Amino acid sequence: MTELVLAKITQKGQMTIPQEIREALEVNTGDYVVLRPLLGGVFLSKADVSPQVRAEDALRHLVIALGKQAEARGIHEDVDLDSIIEDIQRRAYEEQRCDGLDKRSAFSDRASALE
């Protein structure tokens, strides 16, 4: 394998890993690679992960983040989330209903003024 290979970065920040390097790393279409900053450059290696592992990690981070948001808003494990959701839905329905009534009332007022 050659020691130095140039790759051009596209406008989208993408580059093609030359075939010689892909073969040496045994990297195939759909595989993940790891890019690590190293000594003013980048170290490239094949990643031993799958999209499923990444999805599980993402879900885990999401659950943790939602838990922190809930705690910040005063929602704890002992709180009945169903009743909170029902209350939010009821308030949203009432706001929409009132907004609709206001619009109908304004329309009626305009219609009366035209008569």
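The values are calculated or read from the model by the stated rules, or taken from the named source; none is laboratory data. Everything numeric in this text was worked out from a predicted model, so none of it was measured. Here the Cβ is made from the backbone with ideal geometry for all residues, glycine too, and neighbour counts use every protein chain on show.
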Exercise. Quick one: Y93 ticks every box in (1) surrounded by 10 or more Cβ atoms within 10 Å (Cβ to Cβ); (2) modelled with pLDDT of 80 or more; (3) over 27 Å from the mean Cα position of the chain (by Cα) bar one, so which box is it?
Worked result: (2)
For this session: May I ask you to list pairs of residues, at least six apart or on different chains, whose Cβ atoms are under 8 Å apart, with the first in the range 11-24 being assigned by TED's automatic domain parsing to the domain that holds L44 and the second being part of a loop (DSSP other than H, G, I, E, B) and surrounded by 13 or more Cβ atoms within 10 Å (Cβ to Cβ)?
Result: I17/V27; I21/V27
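If we scan the range 13-28, do we find a residue that is outside any helix (DSSP H, G or I), modelled with pLDDT of 75 or more, charged (D, E, K, R) and within 27 Å of the chain's Cα centre (by Cα)? Spell out how you get there, then give the answer.
Taking the range 13-28 first, the residues outside any helix (DSSP H, G or I) are 13-18, 26-28.
Pick out the ones that are also modelled with pLDDT of 75 or more and you get 13-18, 26-28.
Restricting the remaining residues to those that are charged (D, E, K, R) gives 26.
Those still in the list that are within 27 Å of the chain's Cα centre (by Cα) too: none.
Within the range 13-28 (the criterion being outside any helix (DSSP H, G or I), modelled with pLDDT of 75 or more, charged (D, E, K, R) and within 27 Å of the chain's Cα centre (by Cα)), the answer is no, since none of the residues qualifies.
Can you confirm whether G74 is at pLDDT below 65 and either at positive phi or in a helix (DSSP H, G or I) (or both)?
On the way: at pLDDT below 65: no; either at positive phi or in a helix (DSSP H, G or I) (or both): yes.
Here the answer is no, as G74 does not meet what is asked.
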Exercise. If R60 passes every condition in (1) at pLDDT 75 or above; (2) assigned to a helix (DSSP H, G or I); (3) over 21 Å from the mean Cα position of the chain (by Cα) but one, which one does it miss?
Worked result: (3)
